[in-house]
1. In the stretch 47-66, is there at least one residue being modelled with pLDDT under 90, over 21 Å from residue 147 (Cα atoms) and of a type outside the set (Lys, Arg)?
2. Report, by residue number, each residue of the stretch 95-144 that is basic (Lys, Arg) and within 22 Å of residue 163 (Cα to Cα).
3. Within the stretch 43-58, take every residue that is among the aliphatic types (A, V, I, L, M) and part of a loop (DSSP other than H, G, I, E, B) and give me the one that is farthest from residue 124 (Cα to Cα).
4. If you go through the stretch 39-56 one residue at a time, how many are farther than 13 Å from residue 159 by Cα, touching a residue at least 60 places away in the same chain (Cβ under 8 Å) and touching a strand residue (DSSP E or B) at 6+ places or on another chain (Cβ under 7 Å)?
5. Name every residue in the stretch 126-172 that is among the acidic types (Asp, Glu) and either crowded, with 18+ Cβ neighbours inside 10 Å or within 14 Å of residue 90 (Cβ to Cβ) (or both), in order of residue number.
6. Only one of these conditions is not met by residue 83: (1) touching a Ser or Thr at 6+ places or on another chain (Cβ under 7 Å); (2) more than 16 Å from residue 165 (Cβ to Cβ); (3) not hydroxyl-bearing (Ser, Thr, Tyr). Which number is it?
7. Would the stretch 111-125 turn up any residue that is touching a Pro at 6+ places or on another chain (Cβ under 8 Å), surrounded by fewer than 20 Cβ atoms within 10 Å (Cβ to Cβ), under 21 Å from residue 37 (Cα atoms) and modelled with pLDDT of 90 or more?
Amino acid sequence: MHKILLKIAQVGIRSEKPPGTDDALRVRATQLNGEVLRVLGRALAIRHVDAGSCNGCELEIHALNNPYYNLEGLGIKFVASPRHADLLLVTGPVSRNMEEALRRTYEATPEPKLVVAVGDCGCDGGIFGECYASRGRVASVIPVDVAVPGCPPTPTAIMQAILTAVSAAAQR
């Protein structure tokens, strides 16, 4: 232990430089906010549903609320009830035990409802596929507007998917 402390005193504490600002992210964020207000006329409310994931995608979704991405600063918030939601953000392959709960959540969401399937598991079943315990992809249970591939996808990709879903709703 003494050797380690001595080495730290000699070398100092070194860490990576923080990432620079991403102007493309700033443009997308502004575009997302404007699009949401144009389509809905108010803030976008998202209900996250974990249909059986490994929680990798959830970590990236939680990153959306950190100061770097600041999704809530754009007027987009996560809600606890599907009755207050405009968009369902579904992660993981749909396990047989979550199939009925996912359907009920979808039915409880008011129109116009949007669905974004997040991660490889949500898009195509991932490594689980369809088996005795899993229904596979989210689209096999409820209609999906946008699918975000990746294991896990980046927060930027998730934000882009939300923008795409809102834009698609505006086209309808």
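The values are calculated or read from the model by the stated rules, or taken from the named source; none is laboratory data. For clarity, every value in this text was computed on a predicted model and none was experimentally measured. As a convention, Cβ positions derive from the backbone with ideal geometry for all residues, glycine included, and neighbour counts pool all protein chains shown.
1. yes
2. Of everything in the stretch 95-144, those that are basic (Lys, Arg) and within 22 Å of residue 163 (Cα to Cα) turn out to be 113, 137.
3. Per the stated criteria, the residue is 43.
4. Going through the stretch 39-56 one residue at a time, the tally reaches 4.
5. Once the filter is applied, which keeps residues that are among the acidic types (Asp, Glu) and either crowded, with 18+ Cβ neighbours inside 10 Å or within 14 Å of residue 90 (Cβ to Cβ) (or both), the stretch 126-172 yields only 145.
6. For residue 83, the exception is condition (1).
7. Checking the stretch 111-125: not a single residue is touching a Pro at 6+ places or on another chain (Cβ under 8 Å), surrounded by fewer than 20 Cβ atoms within 10 Å (Cβ to Cβ), under 21 Å from residue 37 (Cα atoms) and modelled with pLDDT of 90 or more.
Every residue, every condition in (1) closer than 21 Å to residue 52 by Cβ; (2) among the β-branched types (Val, Ile, Thr), yes or no:
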| site | (1), (2) |
| --- | --- |
| 76 | no, yes |
| 82 | yes, no |
| 102 | yes, no |
| 105 | yes, yes |
| 112 | no, no |
| 115 | yes, yes |
| 121 | yes, no |
| 134 | yes, no |
